[in-house]
Amino acid sequence: MKLLEGKTILLAVTGSIAAVETIKLSHALRRHGATVQAVMSDAATKIVHPDALTYACNREAITRISGMVEHVQYCGDDRQADLLLIAPCTANTISKIACGIDDTPVTTCATTALGSSMPIIIVPAMHQAMFRHIAVMENLDRLKSWGIQIVGPRIEEGKAKIAQVDEIILACERELCGQPLKGRHVLITSGRCEEPVDDVRILTTRSSGRMGQELAKAAYRLGAEVTIIHRNHLPGFTNIKTDSAESMLKAVTQELDSHPVDIYISAAAISDYSPVRYEGKIPSGQKLALELIPLPKILDLAVRKSSLTVAFKLGEKSRDEASALLERGVALVAANSPDTMGSADGTYELIDKSESVTLSGSKEEIAHTIFEQIISRHLQLLPSISSEN
């Protein structure tokens, strides 16, 4: 799936040591379908040779603004580029852009892009002490107020490191995919729950959480604000960590009670039962009967408190059970078989009250198709967005 197909990204590189990561970033952007044109500050050319980026982008890197007025060509009103991506962006460049100073090819492109209302993403990278400087913080806030998207940094080892390539790609896709879900809040439960049997054993499933994570990414690409409740951590998202059905219920309840949720997607393999817990460790080598206690259904709460609910149903009778879910108020059901658990792809049947559609492919593709169905057939169920959003 190449969501950047047909898009041109002007990759602006400044003089951070993280500039060495731009070769990998250029290749990744091109694999996702984008045409990439590099522009470099003089300081950046001291870290990465322009020939390296010329090779990575398959286009000659721009290292100075010539009589061809490259800043206007790529960032002006009749621009050739769709997005200005400044990665990595130093404290020096951040502050220059915020103050309207354009004394490098990168800052000149930024000034022109701001003047033409071109989408801009800035990916900071520097030492942590520099990142904490009050002027840098204030300048980043100023750039955000101008509509510039800031991605990262990762705070590690005393450094504000450049964001991961996947996170940068995701931000580019969000900026260039039209954002039909802008202003919407999407809440997703994902992955497995683990119910303790004793101090060392658990009851769980084979769910990897891949489908939930792909749904979160798809919603983000389409402009939504996304919260994901799961056992893992997805960089760049609001993550709420849970490990059992009880903790997931508490987290979902708190989210639904604290602010409006436009779309709730139950992609988690939430436990139906919890065993009566044995204190300590059950001795091995003996027959054992577990008492299982039914757990409350999170889905019923979500149907009452979210504007639109999407449920996943697993098992051989999932098609029949989908009808019951639709009667309970679920807008869309994704029915699938157990062999999809833990895999990168699968087959799903999307069912609502009007029709059903069978999908096969990667979970990334299926996640996007689910949101396409929501947008085309169910978006009218959501409350209108106020002009303040």
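Bear in mind that the values in this text are calculations on the coordinates, not laboratory data. What you see is a predicted model; the values in this text were computed from it and never measured. Virtual Cβ from ideal backbone geometry, glycine too; neighbours counted across all protein chains shown.
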**Asked** How large is the charge dipole for the chain, taken about the Cα centre, if only the Cβ atoms of Lys, Arg (+1) and Asp, Glu (-1) carry charge, to the nearest 20 debye?
**Response** 320
**Item:** Furthest towards positive pole of dipole, Ala87, Gly67, Ala113, structure part segment 8-176, Cβ charges
**Value:** Ala87
**Item:** Pairwise FRET efficiency - Ser117 versus Ser384, Cβ, R0 = 25 Å, nearest 0.05
**Value:** 0.50
**Prompt:** For Glu321 and Arg277, FRET efficiency with R0 = 30 Å and r from the beta-carbon atoms, rounded to 0.05?
**Reply:** 0.55
**Request:** Answer with a single label: of [x] 17.6; [y] 23.0; [z] 19.7, which was calculated as mean projected area of the Cα convex hull in nm² from the structure in view?
**Result:** [y]
**Difference of contour (0.36 nm per residue) and Cα-Cα distance, Arg132 to Ser362** = 78.7 nm
**Request:** For segment 353-368 and segment 1-23, write down the distance between their C-alpha centroids in whole Å.
**Result:** 31
**Message:** Just to confirm my numbers, what's the Cα centroid distance between segment 37-109 and segment 207-277 in Å?
**Reply:** 39
**Request:** Classify segment 1-159 as rounded, prolate or oblate, taking a ≥ b ≥ c as the square roots of the eigenvalues of its Cα gyration tensor: rounded when a/c is under 1.5, otherwise prolate if a/b is larger than b/c and oblate if not.
**Result:** rounded
**Rounded Å value of the spacing that divides the Cα centres of segment 169-196 and segment 112-130** = 23
**Request:** May I ask for the angle, rounded to the nearest 10°, between helix 22-31 and the longest principal axis of the chain, with both axes built from Cα atoms and the value confined to 0 to 90°?
**Result:** 60
**Request:** For the pairs Lys250/Lys297; Lys46/Lys161; Lys7/Lys144; Lys217/Lys353; Lys182/Lys217; Lys2/Lys313, note any where the Cα-Cα span goes beyond 21 Å.
**Result:** Lys7/Lys144; Lys217/Lys353; Lys2/Lys313
